[in-house]
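What follows is a single structure, written as structure tokens, with notes after it.
The values are calculated or read from the model by the stated rules, or taken from the named source; none is laboratory data. Small disclaimer: the values here were computed from a predicted structure and weren't measured. Positions of Cβ are backbone-derived with ideal geometry, glycine not excepted, and every protein chain shown enters the neighbour counts. Only protein heavy atoms, including side chains, enter the accessible area calculation; ligands, DNA and RNA are left aside. Shrake-Rupley method; radii C 1.70, N 1.55, O 1.52, S 1.80 Å.
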Amino acid sequence: MKFTDILKSANVNLFRNKMRSFLTILAIFVGSFAIISVNAIHTGVNDFIDQQVESIGGDNYIEIAPTAAYDQLASMMGTGEITKYNANKSSSDATIISEEDLSKIRKIDGVISMNPYYQASVDYITTSHTDKKYNAVISLMPGGGVKADLSAGNQINSNSSDYEILISEDYAKKLGFDTPSDAVNQTATFGVKQSIKCYTVANPDDCIATLDAKIVGVQAPSILSIGGIRVNQAANDAIYNLASEGIAPDIKNRTPMATGEIDSTKLNEIRADLKKLGFTAITIDDEVGMIRTFFNVILIVFTIFGAIALIAAAIGIINTLLMSVQERTREIGLEKALGLSKGKIFLSFSIEAIMLGFWGSALGTAVAMILGFIANNIFHQSGGFLEKFPTFNLVKFTPESVAALILIVMFIAFIAGTMPARKAAKKDPIEALRYE
Amino acid sequence: MEPVIEAKHLSKIYGKGATAFLALSDINLKINHGESVAIVGKSGSGKSTLMHCLALLDTPTSGELKIDGEKASKLKSRKLNRLRNRRFGFVFQQFFMNSNETVLENVLLPLKISGTRRKHRKRLALEAIETVELADKARVKSKNLSGGQKQRVCIARAIVNNPKILFADEPTGNLDSATGEKIIKLLFDLNHDKGVTLIIVTHDEDLAALCDRRIRITDGKIVVDESIKHVTRPAARAINSKTKPANTPEAKKAKKNQKKGVRK
Ligand SMILES: Nc1ncnc2c1ncn2[C@@H]1O[C@H](COP(=O)(O)OP(=O)(O)O)[C@@H](O)[C@H]1O
Ligand SMILES: [Mg+2]
């Protein structure tokens, strides 16, 4: 029997019992659909993270905190050890980075700079282009090569002693600029509440100082970079000092965190040295890694669901083919009596199984791709949660993963089909013909 | 000349132990090329079992079977399949066909199995269908045929591969006598025109009387193995007007032509 004839007859047999084949294909469809969809979302998200990480840069950026802070967190959760009191390093001091610590850290080979991190905050932002004031949350733009995704202007200079800031497109609009580039090189004014002074004045407005900073750039929307307003080290420290005016320096300067710039090629040695000093380092990669791990866990969970569906589908294939073998007993007997070889009977049923696998997975991926396309469009429409990320496709199919899935499912189907196919091939022609 | 089929001490036991049943016991026979042999006997005597063993569809429990001088037990499955497909033709007692397929599709099944090219396949199948006088039904679904027509489709299927030996199990069993006669004429035409060896299982004594030889089986044993000559020969001729002997040069040439291009 020619291969094309075997293929044809397998196809005919597949459509002989349409409902049964359809249901088997449906089961394969569900599993394939789940796996390929999750895979596509994973690819989309990871690509996006890569793209963002690329645009952020920041290989040389590092954040450090005392390891004791993590230990205390652990002890709060009941998993840490209780340690002995030491007057030089009490529990309350343990989580603080002192000036002494910083100078030790700065001496580590590969550490280029290290600054205490002060959590500065402002009360409002405004410009001369608007008579309104807006609430604002500021965050420090770290050095170490971290880049913002800009729609206009330039990156912040972290080492500059000038006060430089980046604002988002939304802020640019609110602050009276028609386009992002209109905002570049304009001056923004922050309102900073001086808490100590507020005790002495009657009118709360009287204890708010102002500070001018230059808008050097406007940030494009991005998931990873913190939106709002980003300030350079000089601006951050100036705002902090302004806000804490009147507070004793040793209280004002307590900080649990420092940020700095390192030679990223020495990251592992720096980590080891920091560990000896009792500090833990976190890089951008570590942070991105946490996000990735989160998505990977989701991927694995859904892939397991899909795999379970496929196992159920494989049992469905076995069942369908066993029924088919039973129904076609006489036909198989006749074909064997007329000289059809065992191998070709086996092949015919195997092809039937593979076809079930093919149709299920092909339809699964096709429908997933159509729905993915529609979903991407909906998310990108105005009001969609990806409206501001036109380049980000949440669902992204790669030809390799589609091909791999279809091939793997076909292979699973083939394996599932071997049992019924062997049963068919082994049938004795006389027994089969006698079968009623 | 070597016998086409030779059986020595053939026996067949169904089942095991207490339920073992001796269906064939010590069968010895030789069937020569071009012979027409009737296997007769009561129902349950072992006729079908014997035919299945001779046709290599079933394996005997003991004894030896030779096809063209070759031991059947030594045949590789590939060779066995080729034998079944190319040298043998079968007409089964129950029709055994795919009733959802057309007459043409049913008849060309052996050619499909042998891997004959599509064009040839169709031509040969249509020829076979014409031989059994069903040309107008070629595209009709088999389930819409009468019993006699179905039996003729089975014969067309059995001869489409131009077999050397045709096995027929009760070919007239389910038919009225007029249709039965048509079938008988078809079978003996093949025997006379193409030298096809006929092995016919029947309990129809009239049909048996048309054969060269009659083998009677009782309880799995051959009780009579006789040649039928001059007495019944004219009867066969009465049905079959063509009397051309099988092995004339013309017959051989015709056979050769038909064979060309059949095999893959
Ligand atoms: N597969 C089988 N298992 C057990 N007994 C069988 C089987 N096939 C046939 N027989 C028995 O063998 C005997 C011969 O059967 P069979 O050759 O079909 O007889 P016939 O064709 O002469 O009517 C019968 O008694 C039948 O019951
Ligand atoms: Mg019988």
Residues (of a type in the set (S, T, Y) and within 15 Å of B:G220 (Cα to Cα)) located in the range B:14-29: B:Y14, B:S25
Check on B:R233, at pLDDT below 90, out of contact with any Phe, Trp or Tyr (no Cβ under 9 Å at 6 or more places or on another chain) and within 14 Å of chain A (Cβ to nearest Cβ): no
Filter result (of a type in the set (A, V, I, L, M) and under 19 Å from A:T127 (Cβ atoms)) within the range A:187-222: A:A188, A:V192, A:I208, A:A209, A:L211, A:A213, A:I215, A:V216, A:V218
Flag for B:K16 being within 16 Å of ligand 1 (Cβ to nearest atom) and of a type outside the set (V, I, T): yes
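Tell me, yes or no, whether the range B:104-114 has at least one residue that is surrounded by fewer than 21 Cβ atoms within 10 Å (Cβ to Cβ) and either within 16 Å of ligand 1 (Cβ to nearest atom) or in contact (Cβ under 8 Å) with a residue 12 or more places away in the chain (or both).
No, the conditions are met nowhere in the range B:104-114.
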Residue in the range B:76-96 that is more than 16 Å from ligand 2 (Cβ to nearest atom) and over 27 Å from A:M1 (Cβ atoms) present: no
Residue that is nearest to ligand 1 (Cβ to nearest atom), among those in the range B:24-33 that are buried (at least 20 other Cβ atoms within 10 Å of the Cβ) and within 19 Å of B:V4 (Cα to Cα): B:I27
Candidates A:K173, A:K214, A:K147 - the one that is open to solvent by 70 Å² or more (accessible area, probe 1.4 Å) and under 26 Å from the mean Cα position of the chain (by Cα): A:K147
Residues within the range A:123-142 that are among the polar types (S, T, N, Q) and open to solvent by 100 Å² or more (accessible area, probe 1.4 Å), tallied: 2
The listed residue being surrounded by 13 or more Cβ atoms within 10 Å (Cβ to Cβ) and not in a strand (DSSP E or B), out of A:D109, A:D59: A:D59
Flag if A:R330 is within 14 Å of another protein chain (Cβ to nearest Cβ), in contact (Cβ under 8 Å) with a residue 12 or more places away in the chain and surrounded by fewer than 22 Cβ atoms within 10 Å (Cβ to Cβ): yes
Check on B:K42, within 21 Å of B:T202 (Cβ to Cβ), within 15 Å of ligand 1 (Cβ to nearest atom), in contact (Cβ under 8 Å) with a residue 12 or more places away in the chain and open to solvent by 50 Å² or more (accessible area, probe 1.4 Å): yes
Any hit, the range A:35-42, residues being in contact with a Ser or Thr (Cβ under 6 Å, 6 or more places away or on another chain) and in a strand (DSSP E or B): no
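If you take the residues in the range B:68-97 that are basic (K, R) and away from chain A (no Cβ under 14 Å), which one is least open to solvent (accessible area, probe 1.4 Å)?
Per the stated criteria, the residue is B:K71.
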Residue that is least open to solvent (accessible area, probe 1.4 Å) [pool: residues in the range B:124-139 that are charged (D, E, K, R) and outside any helix (DSSP H, G or I)]: B:E133
Given (1) within 16 Å of ligand 2 (Cβ to nearest atom); (2) aliphatic (A, V, I, L, M); (3) away from chain A (no Cβ under 14 Å); (4) without any contact (Cβ under 8 Å) to a residue 40 or more places away in the chain, index of the condition B:V37 fails: (4)
Residues satisfying the stated conditions in the range A:414-436, i.e. more than 16 Å from ligand 1 (Cβ to nearest atom) and open to solvent by 20 Å² or more (accessible area, probe 1.4 Å): A:F414, A:I415, A:T418, A:M419, A:R422, A:K423, A:K426
A:Y85, sole failed condition from (1) surrounded by 14 or more Cβ atoms within 10 Å (Cβ to Cβ); (2) not assigned by TED's automatic domain parsing to the domain that holds A:G372: (1)
In the range A:370-397, residue surrounded by the fewest Cβ atoms within 10 Å (Cβ to Cβ) [restricted to those that are part of a helix (DSSP H, G or I) and in contact (Cβ under 8 Å) with a residue 24 or more places away in the chain]: A:L371
In the range B:45-67, the residues that are within 12 Å of chain A (Cβ to nearest Cβ), within 16 Å of ligand 2 (Cβ to nearest atom) and open to solvent by 10 Å² or more (accessible area, probe 1.4 Å): B:S48, B:T49, B:H52, B:D58
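Listed here are the residues, each with its yes/no results for (1) more than 16 Å from ligand 1 (Cβ to nearest atom); (2) open to solvent by 10 Å² or more (accessible area, probe 1.4 Å); (3) without any contact (Cβ under 8 Å) to a residue 40 or more places away in the chain; (4) in a helix (DSSP H, G or I).
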{"position": "B:K122", "(1), (2), (3), (4)": "yes, yes, yes, yes"}
{"position": "B:I155", "(1), (2), (3), (4)": "yes, no, no, yes"}
{"position": "B:N162", "(1), (2), (3), (4)": "yes, yes, no, no"}
{"position": "B:P171", "(1), (2), (3), (4)": "no, no, no, no"}
{"position": "B:K185", "(1), (2), (3), (4)": "yes, yes, no, yes"}
{"position": "B:D189", "(1), (2), (3), (4)": "yes, yes, no, yes"}
{"position": "B:D193", "(1), (2), (3), (4)": "yes, yes, no, yes"}
{"position": "B:I199", "(1), (2), (3), (4)": "no, no, no, no"}
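How many residues are open to solvent by 90 Å² or more (accessible area, probe 1.4 Å) and modelled with pLDDT under 80 if we restrict to the range A:88-103? Break it down stepwise before answering.
So in the range A:88-103, the residues open to solvent by 90 Å² or more (accessible area, probe 1.4 Å) come out as A:88-89, A:99-100.
Filter once more, so that each one left must be modelled with pLDDT under 80: A:88-89.
Looking only at that region, the number is 2.
Residue-wise test of (1) modelled with pLDDT under 95; (2) within 14 Å of chain B (Cβ to nearest Cβ); (3) more than 28 Å from the chain's Cα centre (by Cα).
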{"residue": "A:T320", "(1), (2), (3)": "yes, no, yes"}
{"residue": "A:A337", "(1), (2), (3)": "yes, yes, yes"}
{"residue": "A:S341", "(1), (2), (3)": "yes, yes, yes"}
{"residue": "A:F358", "(1), (2), (3)": "no, no, yes"}
{"residue": "A:A368", "(1), (2), (3)": "no, no, no"}
{"residue": "A:F379", "(1), (2), (3)": "yes, no, no"}
{"residue": "A:E387", "(1), (2), (3)": "yes, no, no"}
{"residue": "A:F392", "(1), (2), (3)": "yes, no, no"}
{"residue": "A:V395", "(1), (2), (3)": "yes, no, no"}
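Have a look at A:F411, A:F358 and point out the one that is open to solvent by 10 Å² or more (accessible area, probe 1.4 Å), assigned to a helix (DSSP H, G or I) and out of contact with any Gly (no Cβ under 8 Å at 6 or more places or on another chain).
Checking each option against the conditions leaves just A:F358.
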Test set (1) without any contact (Cβ under 8 Å) to a residue 24 or more places away in the chain; (2) assigned to a helix (DSSP H, G or I); (3) crowded, with 19+ Cβ neighbours inside 10 Å - A:E400 fails condition number: (3)
